[in-house]
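Since the structure comes first, as structure tokens, the remarks are kept for the end.
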Amino acid sequence: MNGVAEAARKLESLRLKGAAANLGPIIERAQSGSLTYQAFLDELVDSEIKDRSERRLRRNLAMAHFPVKKRLEDFDFGRVKGISKRAVDELAECDWIDRHENLLFFGPPGLGKTHLAIALGYEAVNKGFRVCYERMTNLVKILSRADISRSAQFRLSRLTKSDLVIIDEIGYTPIERNEANLFFTFVSDLYERTSIVVTSNKGFDSWAELLGDEVMTTALLDRLIHHAKIFSLSGESYRISSRKEE
């Protein structure tokens, strides 16, 4: 084993994979005289930092569980009322996550609520935040099975440790009373500690029927609305509009 390969092996043993992978080319530039000792060290350290950042980004994207990739630049603001491109550009800075604020998107199906939620989630991940996405139906299953399922327990742990939790499609399917209680406890645990993005086709006045308890619903909404930005979207469904154009 030559000296470079041996040095790379030692770097890998120290879990410096980025530095190990780039050691050869950096040494070649140093030997050619184009790098000072300081520049050599800087490049080696920078390669490790870049590699760790890229691996963390890939890991966080995988753990987010986004069902599809959505981009803010693909959202058609001309079709939807209730939110502006300027407002979304400001949200894309993700300062609201640092302040533990929530975002609530309301409106009928097909207006792009999920698109906005996922696209903002991608922006957050790219800025280094830990993000988790779950549809309400799957979140309820996770909460209900956390005591008996290791995978559900692991996912719940990830959710509660996130900087941002996206809960999509609240109100599309009814939930049982015990599930509503678990959901209330979950939101309460995140309150003022983790930002929450909610999308729903139901207005606040319908949530009591959805959750089956008016008092609990009031308490839940109080936690969601406090420190929240609320957007009520209206317009023609993307899917219906596309069908007409076809």
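With every protein chain in place, what's the accessible area of ASP46 (1.4 Å probe, Å², nearest 10)?
90 Å²
Based only on Cα atoms, what mean projected area does the convex hull of the chain have, in nm²?
For the chain, the mean projected area of the Cα convex hull comes to 19.0 nm².
Cut-off 20 Å, label point 7 angstrom out along Cα-to-Cβ of ARG86: give me the residues of the range 211-234 whose amide nitrogen falls inside.
Correct set: 229-234.
Just the number, please: carbon plus sulfur as a percent of the accessible area of the chain, 1.4 Å probe, no ligands or DNA/RNA counted.
About 50 percent, which is the carbon plus sulfur part of the accessible surface.
Just the number please: accessible area per residue for the chain, 1.4 Å probe, all protein chains included, in Å².
56 Å²
If you rank SER13, SER237 by how much accessible surface each has, with a 1.4 Å probe, what is the order from largest down?
Descending order: SER13, SER237.
Under the rule of at least 5 residues apart or a separate chain, name every residue whose amide H is placed under 5 Å from the amide H of ASN102.
Amide H neighbours of ASN102, under 5 Å, 5+ apart: ILE196, ALA228, LYS229.
State the volume of the convex hull built on the alpha-carbon positions of the range 122-208, expressed per residue in Å³ and rounded to an integer.
Measuring per residue, one finds 101 Å³ for the Cα hull of the range 122-208.
Which value, in debye to the nearest 20, describes the size of the charge dipole of the chain about its Cα centre when Lys and Arg Cβ atoms bear +1, Asp and Glu Cβ atoms bear -1, and nothing else is charged?
660 debye
Mind pulling the angle between the C-alpha long axis of helix 214-225 and the longest principal axis of the chain? Nearest 10 degrees, somewhere in 0 to 90.
Computed tilt is about 40 degrees.
For the chain, what is the number of Lys pairs with C-alpha distance below 20 angstrom, counting only pairs 8 or more positions apart or on separate chains?
22
Based on alpha-carbon atoms only, what is the radius of gyration of the range 61-180 relative to the globular estimate 2.2 N^0.38 Å?
Relative to the rule-of-thumb radius for its length, the range 61-180 sits at 1.11.
Using packing as a proxy for protection, rank 130-142, 193-205 so that the peptide with the highest average count of other Cβ atoms within 10 Å comes first.
The most tightly packed comes first, giving 130-142, 193-205.
Quick check: net charge around GLY18, other residues with Cβ under 14 Å of its Cβ, Lys/Arg +1 and Asp/Glu -1?
Taking every Cβ under 14 Å from that of GLY18, the sum is 0.
Return the single residue from ILE167, ILE148, ILE175 with maximal mean-square fluctuation; model: Gaussian network over the chain, springs between Cα atoms under 10 Å.
ILE148
What is the Rg over Rh value, at two decimals, for the range 1-81, using alpha-carbon atoms and the Kirkwood definition of Rh?
1.27
What is the sum of charges, Lys and Arg at +1 and Asp and Glu at -1, for the other residues whose Cβ falls under 12 Å from the Cβ of ASP213?
Net of charged neighbours comes to -3.
Just round it to a whole percent: the fraction of Cα-Cα distances in the range 100-246 exceeding 23 Å.
Roughly 35 percent, once rounded to a whole number.
Over the chain, with a Gaussian network built from C-alpha contacts below 10 Å, which listed residue (LEU57, LEU35, LEU159) shows the highest mean-square fluctuation?
LEU35
Kindly give the semi-axes, whole Å and largest first, of the ellipsoid equivalent to the range 76-127, taking each as the square root of 5 times a Cα gyration tensor eigenvalue.
Ellipsoid half-lengths, sorted descending, are 20, 11, 11 Å.
Enter the mean projected area of the convex hull around the alpha-carbon atoms of the range 105-149, in nm², rounded to one decimal.
Over all viewing directions, the range 105-149 projects a mean Cα-hull area of 4.2 nm².
Calculate how steeply helix 136-145 sits against the longest principal axis of the alpha-carbon atoms of the chain, using the helix alpha-carbon long axis, and give the answer as 0 to 90 degrees to the nearest 10.
80 degrees
So how many Å³ per residue does the convex hull of the Cα atoms of the range 44-118 work out to?
Given the Cα convex hull of the range 44-118, per-residue volume reads 132 Å³.
For the chain, what proportion of DSSP beta bridges, expressed in % and rounded to the nearest 5, is antiparallel?
10 percent
The values are calculated or read from the model by the stated rules, or taken from the named source; none is laboratory data. On a predicted model such as this, the values are computed, not experimentally measured, just so you know. Please note: Cβ atoms are built from the backbone with ideal geometry, for glycine as well, and neighbour counts cover all protein chains shown. Surface accessibility is based on the protein's heavy atoms, side chains included, excluding ligands, DNA and RNA. Shrake-Rupley method; radii C 1.70, N 1.55, O 1.52, S 1.80 Å.
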